[in-house]
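Read the structure below first, then the notes.
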Amino acid sequence: MKDIEEIYRPQAHMEKPKAARPRMEMSEAPRPHIERPKAARPRMEMSEAPRPHIKRPKAARPRVNQWTAVKHNRWLIFYLTYHRKKLFVTTLDCSSYANDQEVLATFPFSIPFLPWTDYSPIEYDKTSGRWDFFQRVDELVIVNENYIPPTIFCLRSLQNLYIRNSSFYTREQDATTNFPLPIGTTHSLYSLRSLRIYDTPVTHLPEEISSLYNLETLELSNTGLVSLPSNIGRLTSLNHLSLIHQQFSTLPKTLMNLEKLFYLEISHNPNLHSLESLNGHRSIGILIVNHCGIEYLPDDLPNLSQLYLSYNKLTDLDGIRNLGYNTELKKVFYFDNNQIQSVSTGIRNVKNLHTLNLARNELTKLSPVIFNISTMRYLDIKDNHFNKVEQDIIIEKFKISNQFLTFSI
């Protein structure tokens with residue numbers, strides 16, 4: 001019995017029940033609310049000067065990247081998306097075209113095609129084309145067309161593309177002066193071997209130009225091109241490059257990566273004053289740079305056989321010994337219509353010098369070494385500053401030293 005009492009005896013640590021709160025009788029009035037007066041704010045005496053306001057410098061506002069701002073501005077994103085066709089080059093989606101016939105249906109002009117069995121040369125004075133054996137577009141010529149849609153670069157097997165006096169942009173888009181070539185990573189970029197564009201606005205080549213892995217010939221004439229992309233050096237199959245009547249001021253050094261480039265023409269670029277980017281190029285054999293502002297010869301072109309630098313600003317021929325030293329081909333050098341005052345003695349080291357044109361320069365005499373170049377067959381030195389005595393001396397020396405030479409003085 002004692003054990004049972006111990007079990008049911010309340011322990012000291014156990015929580016005791018709270019006493020019931022006495023209910024207030026209706027006769028008892030509630031305690032009145034006593035509103036305590038607020039402490040009076042001390043008045044500032046007139047003699048006391050007010051506390052000066054200290055202007056704290058604001059923390060520098062963190063700079064926000066412009067694209068971060070665009071990311072958080074939904075209205076701007078909507079605007080850029082809606083007007084994308086006007087602000088950026090439209091990305092091509094060639095997956096919606098099953099064959100070349102569907103691509104050609106997007107053209108606003110008709111194209112007469114020759115069958116693949118017709119081996120006659122295609123005409124370049126009118127719009128025309130040629131099919132291959134599988135009824136795919138193999139060659140395309142577009143002349144005097146108002147608008148060429150970008151879908152032209154969706155032709156799956158196009159190998160040769162020739163465009164003259166046409167436009168890749170509509171009249172509404174022509175209000176701008178920025179005319180990039182509207183290409184993307186499409187099927188035709190892998191098959192295209194020749195791309196020639198004349199008298200058609202193309203001010204920039206996009207980065208996608210590097211996808212033309214099989215391109216062998218690239219010609220752009222009078223298109224308003226202002227620069228070349230640095231990745232043009234990835235066109236590893238390119239052997240013929242012509243960029244005449246453009247607005248170049250410099251050339252990218254990545255041209256050195258074009259290991260198969262043999263023919264390079266960049267004439268009629270009046271803002272181009274240097275060919276330093278070509279120094280050391282191992283494969284260039286023909287270099288044509290007429291009507292520019294070149295002031296010095298290029299250096300170290302071991303396989304060069306033909307050099308045309310007419311109508312430039314050359315004053316001497318220093319470094320000519322470093323041109324074509326690795327090839328036995330006949331050397332043809334044109335330096336007419338410059339400001340050349342002397343001929344470097346290094347000209348005697350030029351291998352197999354055949355033709356030398358120095359007409360309309362500022363020469364008053366010839367270096368003696370030039371009379372001992374036995375391989376030379378043509379020399380033009382007319383319209384220089386030779387006096388009558390010097391002319392007679394030159395004629396007599398050449399009669400003795402090189403009887404096979406034809407020269408004009």
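The values are calculated or read from the model by the stated rules, or taken from the named source; none is laboratory data. Quantities reported herein were computed from a predicted structural model and do not represent experimental measurements. A quick note on method: Cβ atoms are made from the backbone with ideal geometry, for glycine too, and the neighbour counts reach across all protein chains shown. Just so you know, the surface numbers come from the protein's heavy atoms only, side chains and all, with ligands and any DNA or RNA stripped out. Shrake-Rupley method; radii C 1.70, N 1.55, O 1.52, S 1.80 Å.
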- Message: Rounded, prolate or oblate for the stretch 249-361? Axes are the square roots of the Cα gyration tensor eigenvalues, ordered a ≥ b ≥ c, and the cut-off for rounded is a/c under 1.5.
- Response: oblate
- Query: Check F407: other-chain or 5+ apart residues with amide H under 5 Å from its amide H, H built from backbone geometry?
  - Reply: L379
- With all protein chains present, the stretch 257-397 has a carbon and sulfur share of its accessible area (1.4 Å probe) in percent of 45 percent
- Work out from phi, with θ = phi - 60° and the Karplus expression 6.51 cos²θ - 1.76 cosθ + 1.60, the ³J(HN,Hα) of each residue of the stretch 153-160, listed in order in whole Hz, and give x for Gly and Pro. 8, 9, 5, 6, 10, 5, 10, 10
- Item | Mean accessible surface per residue for the stretch 247-286, computed with a 1.4 Å probe while every protein chain stays in place, in Å² | 47 Å²
- Message: Using square roots of five times the C-alpha gyration tensor eigenvalues, list the equivalent-ellipsoid semi-axes of the stretch 250-309 in whole Å, biggest first.
- Response: 17, 12, 10
- Task: At most 13 other Cβ atoms within 10 Å and a DSSP loop assignment: could you name the chymotrypsin sites (Phe, Trp or Tyr not before Pro) in the stretch 114-169 that fit?
- Result: Y119, Y124, F133, F134
